[in-house]
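Below: one structure, written as structure tokens.
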Amino acid sequence: MARGARAVSDTYRRIYDVVRRIPRGRVATYGQVAALAGLPRQARLVGYAMHAMPNGTALPWHRVINAQGRVSARSGGSGGSVTQRVLLEGEGVRFDAAGRVSLARQGWQPNKRGQRAPHAAR
DNA sequence: ATGCTGACTATGT
DNA sequence: TACATAGCCAGCA
């Protein structure tokens, strides 16, 4: 590969690859995905990559949230953010009264064994 | 080539 | 906790 017309740039390709390895029932932040993709400080690019996602791309984009543990609002104004929250809840992700997720508890932690949060996890 | 925009983050007030 | 500002990079007109 690495030749001819590619639907997406290698940069986006890396981002999608990272998002794809996010385990179910876990959430990752844009900055985290960017870092794992080899793009530190490019959290914005991650968000933009999600928006530029080709139609038909099957990946857990709903498991990507911002550093505040909240679902970022996307352009279009639709209830896309709501759909994302519903999908996460369907995987067992818990939202607090403020509509935020405990990254310390549900956050995806690669390198860690079992991805199990410290204490009080469940 | 230039300038603006955008599913962000960190820091300060 | 909420709002404002600065820094980042890629895609598009």
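Bear in mind these aren't lab numbers, they're just calculated from the coordinates by the rules spelled out. Note that the coordinates shown come from a computational prediction; the quantities given were computed from them, not determined experimentally. When we count neighbours, we look across all protein chains shown, and the Cβ atoms used for this are built from the backbone with ideal geometry, even at glycine.
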Added length on full extension, which subtracts the Cα-Cα distance from 0.36 nm per residue, residue A:58 to residue A:74:
3.9 nm
Loop only per DSSP, at most 15 neighbouring Cβ atoms within 10 Å: give me the trypsin sites (Lys or Arg not before Pro) in the stretch A:13-43, ordered by residue number.
A:21, A:24, A:41
Here, residue A:87 and residue A:100, labelled 7 Å along Cα→Cβ, have an inter-label distance in nm of 2.3
The correct pair for the stretch A:24-76, radius of gyration to one decimal and Dmax as a whole number, both in Å and from Cα atoms, is 10.8, 29
